[in-house]
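Take a look at the structure set out below.
No lab work stands behind these numbers, since they all come straight from the coordinates. Everything quoted here is computed from the prediction, not taken from an experiment. A quick note on method: Cβ atoms are made from the backbone with ideal geometry, for glycine too, and the neighbour counts reach across all protein chains shown.
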Amino acid sequence: MKDETKCLHSGYTPANGAPRVMPIVQSTTYVFDSTERIGELFDMPTAHMYSRFSNPTVEVVEKKIADLEGGVGAMCTSSGQAASLFSILNVCNSGDSFISTSTIYGGTVNLFAVSLKKLGIECIFVDAHADEETIQKAFKPNTKAVFGETLANPALAVLDIEKFAKIAHKNGVPLIIDNTFATPILCKPFEFGADIVVHSTSKYMDGHALQVGGVIVDSGNFDWTNGKFPEFTEPDESYHGVVYTRDFGNMAYIIKARMQLMRDFGAYPAAHSAFLLNLGLETLPIRMKQYCENALAVAKFFKDSDKIESVRYAGLKEDPYYALGQKYLPQGACGVISIVIKGGKEAAVRFMDGLKLASNEVHVADIRTCVLHPASATHRQLTDEQLVAAGVNPGLIRVSVGLESIDDILEDLTQSLNQL
Ligand SMILES: *Cc1c(COP(=O)(O)O)cnc(C)c1O
């Protein structure tokens, strides 16, 4: 099936007489006919047992997203942050390290640099543009993964996924890609060698600013038996000796994430949230197409305005990421643009406050056009050096172009710029 069809049909095929739409299974638990059957499930969880780690409605969405990314399995989480956290905790223990490009979402920088450090896991940040030799120097014997973002929020840098996959694999570790901004409609990182994909589904996938969520997808391609990952190949005492690679084959990573991390930490979405996420996913391909079209028009408008110092959008021919964008995001570079207004921070704030249609909000990839000043909001915890490393100019504004009529969007931007 093509993506448009998968978005409508993957994950749920109703049986004879069953509801056309996947019902909301709002139940914490499930019943079984014998004590023995429940006992078996504790050894080998092959059925829904408790909604802290699996639920039939959420499972439909997991299957749909796995299918869209071209993976073997997926696990939803209650936020994108939880997905990023679990993607690392599934391969790193206290005393381990991993490598991340520095051009990633500010919340992820904080998670990696501050909170994971408290757990004894070191994140080594590298410049995404560094050559292979320089990146290679960041690896240590305890390095267990490489992390990057397809289209960095908010720097809008396109990652050379193939370059990072090659380096990661040379070192026997997986490449984990945050594919939030691109969505599987615009880029499928597994096709370029990534092993694990994470998303904040709160953005385009949900699409309507209704609920926060995340997901981890497993490509099934990484070889966990290379000696670096004993937790995958040795018996898990907390599950009566399950050996993930032996018992689950190429689904070892995603099943281990559920059986250990979701069981113990419990960051699973509610069935109702998954139902809403599924509604968003149904129209994802058609929405992504329109976001790209509207954003390209807005990017061109900003480029031609004498009040704008610079525009960043990988869909613009003069953008430094145009070539990488053509390779990884040939259908478009999503709806998010960043601009720097002439006149610095003060002009930026005046422009934002002068907008009437676009809203000033802490969100991105919403169906409605919205703007945000990262240096004073999502990235305010970063130092000036970290801001620069993350590609965030203090005067930068992130414009998330929505699905309103392009005429109305441009009229609003024009009236506010004219007041400067
Ligand atoms: C928003 C975002 C996150 C965090 O997701 P939440 O759902 O807000 O927890 C992670 N990565 C990227 C690229 C994001 O835009």
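Computed over all pairs of different Cα atoms, the Kirkwood value for the hydrodynamic radius of the range 131-213 is 13.5 Å.
The H on the amide N of R52, modeled in the peptide plane, is under 5 Å from the matching H of no residue at least 5 residues off or on a different chain. Normalised by residue count, the range 332-386 yields a Cα convex hull volume of 108 Å³ per residue.
Ordering L357, I406, S338 by the projection of their Cα atoms onto the charge dipole of the range 285-417, which places +1 on the Cβ of Lys and Arg and -1 on the Cβ of Asp and Glu, puts S338 at the extreme positive end.
Compared with the direct C-alpha span, the chain from N93 to I124 gains 9.7 nm at full extension, assuming 0.36 nm per residue. Each listed q (0.06, 0.10, 0.15 Å⁻¹) maps to a log10 I(q)/I(0) for the chain, found by the Debye formula over equal Cα scatterers with no solvent: -0.25, -0.68, -1.42. Per residue, the average separation of C-alpha pairs within less than 8 Å and at least 6 apart gives the range 285-417 a relative contact order of 28 percent. The value for the range 285-417 of Rg(Cα) / (2.2 N^0.38 Å) is 1.00. Calculated mean residue ellipticity at 222 nm for the chain: -10000 deg cm²/dmol, from DSSP H runs with n ≥ 4 weighted as -39500 (n - 2.57), summed, divided by the residue count and rounded to 500.
Since only F139, S51, Y321 are under comparison, the one whose Cα sits farthest along the positive direction of the charge dipole of the chain, derived from C-beta charges on Lys, Arg, Asp and Glu, is Y321. Computed from phi, the 3J(HN,Hα) profile of the range 42-55 under the Karplus parametrisation 6.51, -1.76, 1.60 (θ = phi - 60°) reads 6, 7, 8, x, 9, 9, 5, 10, 7, 7, 6, 9, 6, 7 Hz, with x in place of Gly and Pro.
A Cβ-based charge dipole, computed about the Cα centre of the chain with Lys and Arg at +1 and Asp and Glu at -1, lands at about 300 debye. When R380, R258, R52, R20 are arranged by Cβ crowding within 10 Å, least crowded first, meaning fewest neighbours, the order is R20, R380, R52, R258.
Considering the dipole of the range 285-417 built from charges on the beta carbon (Lys and Arg +1, Asp and Glu -1) around the Cα centre, which of V388, Q415, A297 is farthest to its positive end? In the range 285-417, that residue is V388. For the pair the range 315-335 and the range 10-72, the centres of their Cα atoms are 38 angstrom apart.
Taking every lysine pair in the range 285-417 that is 8 or more places apart or spans two chains, those with Cα atoms closer than 28 Å amount to 24. Over the chain, Cα pairs under 8 Å with separation of 6+ residues give a relative contact order of 17 percent. Sparse packing (at most 15 other Cβ atoms within 10 Å of the Cβ) combined with a DSSP loop state is found for the following GluC sites (Glu not before Pro) in the range 249-319: E318. Phi angles across the range 23-33 convert, under the Karplus curve 6.51 cos²θ - 1.76 cosθ + 1.60 with θ = phi - 60°, into 3J(HN,Hα) values of x, 7, 8, 8, 8, 6, 9, 9, 9, 10, 7 Hz, Gly and Pro given as x. Structural descriptor for the range 51-169: relative contact order 24 percent, calculated from alpha carbon pairs under 8 angstrom and at least 6 residues apart. In a reduced charge model with +1 at each Lys and Arg Cβ and -1 at each Asp and Glu Cβ, the range 295-420 shows a dipole moment near 240 debye about its Cα centre.
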